[in-house]
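Read the figures in this text as sums done on the coordinates, not as results from a lab. These numbers were taken from a predicted model, which means no experiment stands behind them. Note: ideal-geometry Cβ built from the backbone for every residue, glycine included; neighbour counts use all protein chains shown.
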Amino acid sequence: MFDYLIVGAGFAGSVLAERLATRSNKKVLVVDKRNHIAGNAYDHYNEEGILVHKYGPHIFHTNSKDVFEYLSDFTDWRPYEHRVLASVDGQLVPMPINLDTINKLYGLKLNSFEVEEFFASVAEQVPVVRTSEDVVVSKVGRELYEKFFRNYTRKQWGMDPSELDKSVTSRVPTRTNRDDRYFTDTYQAMPLHGYTRMFERLLDHPNIKVMLNTDYHDIIDFIPFKEMIFTGPVDEFFDFQYGKLPYRSLEFKHETLNTENYLAAPVVNYPNDNLYTRITEFKALTGQQHPKTAIVYEYPKAEGDPYYPVPRLENAELYNKYKKLADETPNVHFVGRLATYKYYNMDQVVAQALTLYKKLTATPTEEASKLRKPAIVGSASIMDKLVSRDPAKP
Ligand code: FAD
Ligand code: UDP
């Protein structure tokens, strides 16, 4: 008998499993249909022994002391401030756009004050900033928008920035100083031994069982539990009854190169050329020393694993219909990037999971919730798949 069935071993599911098991002594079963824990943050050593992120570059950054301190119980950290160059007009220039970007791009020697005046002179008047196009043209004008944002966004999302909510391009600031860091958060670091190791420690508790290679549909009628925490796509949970929520997918093309270093920066963005959006060199993120290097190309796709909710009004409206259903579903709690259809970073998902944990333990749901009776009591083969000590092993 499990107190909780948790669907998904990513940040949302694993943080809740850890809290419920260690703080509330709950018996938890975590299932994931993939053959590994850690969700999209999963990393592993490739065939050459280089630590790579299977689902694209994951850089940890947060302003939340609580989130950082919480995760610090499960990992040591390597201080790391992320930097990105964009390939524009045949040059590699800092992204986000800053003073050096403008000077290099146009062969100028402006100072911060002058570049601010420059932005003001090219910025377009936008009465109400609503879309991802509005955000950029109202700050840096149309030319820079077209060089850095328009085509990247079209490639990444399969639609024009004018069709996307302002929150998308608002993720990337514009600067008048020389700060070339991608993020300015208080805490910026990579888990010293990688994300998967951190997840192994999150899930390493006798009250937590992990079942991999398992879609929850395949076990739900066989394993008794009281409540469910669902971190997969919310529309799928409800059998797409209002239609599909759009998610953007990616294809990751991993390569190992017979050279020690490859890129001029940890990530290089290609707004205008190529079918991929960016290339990442993992050793720059992890600090690993190795005579070879591993890179990944990201090719955006409409179909495939759901990686990005697509922030735009009509999708938010459709999500709200699913949210209403979710709110009305007793003893099932929806959390995480796919289940709440939010373009969340890792730290935001951790914060959301910690908040849900507080909510779950603040209300006396146990008496109210009825025991969910299994159709058949767990068969030996299903129970055999349960592991508690070594969740990373497929
Ligand atoms: P997920 O990690 O998606 O976990 C959900 C899990 O549920 C999955 O493992 C899935 O297999 C499982 N599941 C779904 N349906 C079922 C089912 N029916 N049965 C069983 N299991 C199921 N964030 C940052 O902070 N910094 C970054 O640099 C960053 N880079 C990113 C780069 C890319 C390319 C992507 C796609 C995301 C990036 N993110 C980044 C976001 C980060 O990946 C997410 O915020 C985080 O991983 C979400 O965690 P989650 O638990 O909500 O979802
Ligand atoms: N973006 C862009 N050009 C860039 C970098 C980002 O147009 O060089 C836009 C694009 O729409 C992208 C969004 O800003 O999807 C957010 O960028 P971020 O780097 O945060 O994307 P993520 O890492 O989540 O894929």
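Here are some notes:
- Residue within the stretch 69-89 that is aromatic (F, W, Y) and in a strand (DSSP E or B) present: yes
- With respect to the conditions (1) in contact (Cβ under 8 Å) with a residue 12 or more places away in the chain; (2) assigned to a loop (DSSP other than H, G, I, E, B), Q289 falls short on a single one, namely (1).
- For the stretch 62-77, a residue qualifies if it is within 16 Å of ligand 2 (Cβ to nearest atom) and crowded, with 21+ Cβ neighbours inside 10 Å, and exactly one does: T62.
- Annotation: of all residues in the stretch 24-68 being outside any strand (DSSP E or B) and of a type in the set (S, T, N, Q), the one that is nearest to V335 (Cα to Cα) is N40.
- Just one of the numbered conditions (1) within 15 Å of ligand 2 (Cβ to nearest atom); (2) of a type in the set (A, V, I, L, M, F, W, C); (3) touching a residue at least 60 places away in the same chain (Cβ under 8 Å) is not true of V93: (3).
- Test: residue in the stretch 296-304 that is touching a residue at least 12 places away in the same chain (Cβ under 8 Å), crowded, with 21+ Cβ neighbours inside 10 Å and part of a loop (DSSP other than H, G, I, E, B): no
- Here K283 clears all of (1) in contact with a Pro (Cβ under 8 Å, 6 or more places away or on another chain); (2) in contact (Cβ under 8 Å) with a residue 24 or more places away in the chain; (3) closer than 26 Å to D43 by Cα; (4) part of a helix (DSSP H, G or I) except the condition numbered (1).
- In the stretch 78-90, the qualifying residues are those that are more than 15 Å from ligand 1 (Cβ to nearest atom) and in contact (Cβ under 8 Å) with a residue 60 or more places away in the chain, and the one that is surrounded by the most Cβ atoms within 10 Å (Cβ to Cβ) is A86.
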